Amino acid sequence: MKSTNVKGSFLVGIDLGTTHTVVAYAELSSGATQATPKLFEIEQLVGPGEVAKRPMLPSFRYHPAAAELPQEQLVLPWPQQRIAGDDVAYLVGEYARELGSKVEGRQIASAKSWLSHGRVDRSGAILPWAAAEDVEKVSPVVASASYLLHIKCAWNHEHPEAPLEHQEIVITVPASFDEAARALTLQAAELAGLPQITLLEEPQAVCYDWYFRQGESAQDALKRMQLLLVVDVGGGTTDLSLIQVDSGQSELKLNRIAVGDHWMLGGDNVDLALARIAEQRISQNGKALTAASLSQLIQQSRIAKEILLSEQAPASAKVTLLGGGSRLIGGSKSAEFSQQEVRELALDGFFPLVAFGDLPVKRSSAIVEFGLPYAPDPAVSKYISQFLTQHQTGCRKALNQAEPAVAIPDAVLMNGGVFNSALLSERAQALLSQWRGAPVTVLENRDPHLAVAFGAVSFALARHTNQMRIGGGSARSYFLTVNTQGGAPQGVCILPKGSEEGVAVPLLDQRFALQVNQPVQFSLVASSGDDDFTAGQVVELDEEGERFQPLPPLVAALDASDERKEVEVSLVTHLTEVGTLDIQCHAVASPQQRWKVEFQLRKDLQSRHPGHSLPARYADAVDAIEAVYGANDKDADKNAVKQLRQSLEKLLGPREDWDTALARSLFDELWQRRKKRRRSQAHERLWFNLAGFCLRPGFGYPADDWRIQQAWTLYQQGLQFDKENQSWADWWTFWRRAAGGLDQSAQLKLYKDISKFINPASARNLKIKTEIKNKAYEDMVRLAASLEGLPTTTKVELANWFAKRLEKASETQTSWWALGRIASREPFHSGVETVIEPQKTESWLDLITRQDWKKNQNAAFAAVMIARVTGDRVRDLPETTRMAIVEKLRATKAPELWQAMVEQKLALDDMENKRVFGEALPVGLKLLS
């Protein structure tokens, strides 16, 4: 019988989880009012050559070695499909999870957590994080897409008449996911061939599931409560939401009134804590395992944890560490956990009975390694305390309580794999009841593993049937920072908290002037607190960012072919159905003219810059620049070029004190006059010197991406006056200062052009030896060391060249600094995935440690950069190596800060930042640590 394509026959909910992916659905053939959510069991490989249906798809991906697994053991019931650009052989699901617990370095886990990790290139091929060189890698986006692709294939195999891409799909995300993580989730779905989806916050999904399961009794149950706390502790995140039960009208309404911040704290943290205990028991002489071995041990510990926290738990469980393939490391190495110690760790370490008001520690005190930025305090209890403390005003209002009484929700709904353990759910209930001074009602969640996926379907059904919807709109208020004449920075509210989806919020009373054909920047902050704001309200922003958290900047560029220099616009905002902020500029003169304003999410490295006016004599400074680089050559003051730097500092203060906003404004003025840099050698040298200083480090301020794109056009033009060493010095210094904003292709181009001068094999080439005398070799060295975005293989080649050159006393001392920065554990402007593997630094450290550090402090500082502690096992050197360096630092009476940096995770001070970066950073821009 020929099947017909029935479009939109199903509602499908997908919980794309950190440790499991779950799919539920409802069939619409009998109408939405009759539909019931059901679990879609997912076919997957569960063993060699064995395919079976399972309630969940473990969110694990495994990259087998070339001849590791026979192809006939990997066949699935559907034709193989690939994601565009993903040519890596892999398998996902239960068998992938099992293989990863036995073979090190080939498994991708926690891809969802990597999607929210701002210190890495989330679209770059960085996973598996602890992989060996021969293991091919993919991005967190591609890994997430591969789970969705498997879901699509399994669904379409079972429902060929109703392909998944034609159904109404809801994918859930943490309520705390930022703009970037939500956008990347949408991108992963699109890569998997699911372009039309809706995102739903996971805590809301849990509520929809509970409401649907209760049926007719749901309304009666809600009448007995006023404020519901949803605590969702999954594998990778702790997600909190407050939902008010409004019984003021004839029909009950639910409104989400608050969401928590993004905390990377969940079941993964328990697994890692257990793995570290097992490591101490397995390892000989206290030697730390490799990151790949630890990854394998984490998977083993997770299995042991689930066994020992179950209701019918045995007295103990064992974990065994295996090596590559099926080879045991030195025979069978096992560690045993007792039921009591695992339960004590879970209860006292992650759910201690703390007093209300106790807050999490801000410094890393426990589990902060293995690549992911886990929450600094492992106690979930303290984060719940912090969340409720921050929202006491909203809690009191919902509960009709007056100050100073502590307002604690009267009901709680718990979700996530952690609460499959009755032990932990009972502890959470006891904690809240203790704070409240009365029992807290626990809403039943029969299966915390499945509730989110079922709830996604229930949400879709509610939209079809006009049943109960959770209101609340935007979880945050958004503000545009504005310049003020002195005093604290101010913000204009452009979207108040609670704004509903799709409802336009025009700022009718504010006008903004956008310059044509160049970017105009908007700095935004958000507030998730209890304060009520109105659209257009002007508020004073706190300098510390405690009430108002900075967001990545917004940039709008208007392309226009007419003669207008500016366009007067108003702003119109709304919350999209996806849950993201949409901002558009409407031309006041022609309202039909609209331009969308977009977030500039450059690895989340943007820094906050409080709004303030430029210095009083800024206009005079522009006049001074005009006098040197003005439009009319014959009116140009030939002596002014020699005095311009001194004039600017006289007008604006010492240039080391220029903040980033002032520096970028000066760069923009210089850029407008760039064509006049070629008036003379002095003009060209000074232009590159000043422009580079004002653009450094190439990122960190709104519209910097645009500035870098424009500046790169100068590279092809080259130097006009290229005969003197100092001209080349200013040229290379300009590109060193801008390097942080250049993409990898631009950095590779710079590297290619200077490599012949650095490669020691070129030392005997007479032509190059002659050329290098004129081209500022030492500044080329500084530039090469600043190209952090180069592939690691290229960086290793570069470091080897410097090491070879440093064997001769004639090499510049700057090369020691360059070697240290190339092999540094903490990159400045690149993601941490660009760090060279620790084992590849051995020969360089051997060379460095042979030096007399009393006489050669540059070599000592290079050792500090290479051995600095990050807390990430993938990047950190072995402890024995680090301690040997510490001992030598002590013996040579090196600064105590240097010693501390090699012994413990530590942020650099401004002076050390200057040594690493090569000069002082702009005021207002700090290194991330």
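The values are calculated or read from the model by the stated rules, or taken from the named source; none is laboratory data. Remember, it's a predicted structure, so these values are computed and weren't measured experimentally. Using ideal geometry, Cβ is built from the backbone for each residue, glycine included, and neighbour counts are taken over all protein chains shown.
So the values come out like this:
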{"quantity": "Complete set of residues in region 280-298 that are surrounded by 21 or more Cβ atoms within 10 Å (Cβ to Cβ), within 26 Å of V380 (Cα to Cα) and not β-branched (V, I, T)", "calculated": "A291, L294, S295, Q296, L297"}
{"quantity": "Count - residues of region 432-459 that are farther than 21 Å from Q219 by Cβ and not in a loop (DSSP other than H, G, I, E, B)", "calculated": "8"}
{"quantity": "Residue in region 84-95 that is crowded, with 20+ Cβ neighbours inside 10 Å, closer than 25 Å to A154 by Cα, more than 25 Å from the chain's Cα centre (by Cα) and aliphatic (A, V, I, L, M) present", "calculated": "yes"}
{"quantity": "Filter result for H586 (in a loop (DSSP other than H, G, I, E, B), surrounded by 14 or more Cβ atoms within 10 Å (Cβ to Cβ) and either at pLDDT 85 or above or of a type outside the set (K, R) (or both))", "calculated": "no"}
{"quantity": "Any chance R736 is under 27 Å from G700 (Cβ atoms) and either at pLDDT below 95 or surrounded by 13 or more Cβ atoms within 10 Å (Cβ to Cβ) (or both)", "calculated": "yes"}
{"quantity": "Those helices (runs of 4 or more DSSP H) lying entirely in region 132-248 with at least 3 residues outside the structural domain of G93 (by TED's automatic domain parsing) and at pLDDT below 95", "calculated": "202-214, 218-223"}
{"quantity": "Flag for V832 being among the hydrophobic types (A, V, I, L, M, F, W, C), in contact (Cβ under 8 Å) with a residue 12 or more places away in the chain, in the same structural domain as R873 (by TED's automatic domain parsing) and in contact with a helix residue (DSSP H, G or I) (Cβ under 8 Å, 6 or more places away or on another chain)", "calculated": "no"}
{"quantity": "Matching residues, region 550-580, being assigned to a strand (DSSP E or B), within 25 Å of G741 (Cβ to Cβ) and either at pLDDT 60 or above or of a type in the set (K, R) (or both)", "calculated": "P550, L554, V555"}
{"quantity": "Residue ID - farthest from G85 (Cα to Cα), chosen from residues in region 98-131 that are in a helix (DSSP H, G or I) and not hydrophobic (A, V, I, L, M, F, W, C)", "calculated": "E98"}
{"quantity": "Subset of region 399-431 [in a helix (DSSP H, G or I) and within 18 Å of L222 (Cβ to Cβ)]", "calculated": "L399"}
{"quantity": "Selected residue [in the same structural domain as E104 (by TED's automatic domain parsing) and more than 24 Å from S301 (Cα to Cα)] from V75, V46, V22", "calculated": "V75"}
{"quantity": "Criterion (surrounded by fewer than 21 Cβ atoms within 10 Å (Cβ to Cβ), out of contact with any helix residue (DSSP H, G or I) (no Cβ under 8 Å at 6 or more places or on another chain), closer than 30 Å to V869 by Cα and of a type in the set (S, T, Y)) met by exactly one of T793, T814", "calculated": "T793"}
{"quantity": "Number of positions in region 124-142 that are under 16 Å from the mean Cα position of the chain (by Cα) and closer than 28 Å to W78 by Cα", "calculated": "6"}
{"quantity": "Any hit, region 273-291, residues being on the phi < 0 side of the Ramachandran plot, touching a helix residue (DSSP H, G or I) at 6+ places or on another chain (Cβ under 8 Å) and polar (S, T, N, Q)", "calculated": "yes"}
{"quantity": "Filtered residue count, region 398-416, keeping only those that are more than 19 Å from T441 (Cα to Cα) and not hydrophobic (A, V, I, L, M, F, W, C)", "calculated": "2"}
{"quantity": "Residue in region 522-537 that is modelled with pLDDT of 80 or more, more than 27 Å from C395 (Cβ to Cβ), crowded, with 16+ Cβ neighbours inside 10 Å and more than 30 Å from the chain's Cα centre (by Cα) present", "calculated": "yes"}
{"quantity": "Criterion violated by H150 - all others in (1) surrounded by 22 or more Cβ atoms within 10 Å (Cβ to Cβ); (2) within 25 Å of the chain's Cα centre (by Cα); (3) under 21 Å from Y62 (Cβ atoms) satisfied", "calculated": "(2)"}
{"quantity": "Residue that is surrounded by the most Cβ atoms within 10 Å (Cβ to Cβ), among those in region 844-858 that are at pLDDT 95 or above and under 14 Å from R821 (Cβ atoms)", "calculated": "I848"}
{"quantity": "Pair list, Cβ < 9 Å and 6+ apart or interchain, from region 94-105 residues that are under 11 Å from P128 (Cβ atoms) to residues that are of a type in the set (S, T, Y) and part of a helix (DSSP H, G or I)", "calculated": "G100/S295; E104/S293; E104/S295; G105/S293; G105/S295"}
{"quantity": "Test result for A616, more than 29 Å from K497 (Cβ to Cβ), modelled with pLDDT of 80 or more and surrounded by fewer than 16 Cβ atoms within 10 Å (Cβ to Cβ)", "calculated": "yes"}
{"quantity": "Failed criterion for D909 (all others in (1) under 22 Å from T834 (Cα atoms); (2) modelled with pLDDT under 90 hold)", "calculated": "(1)"}
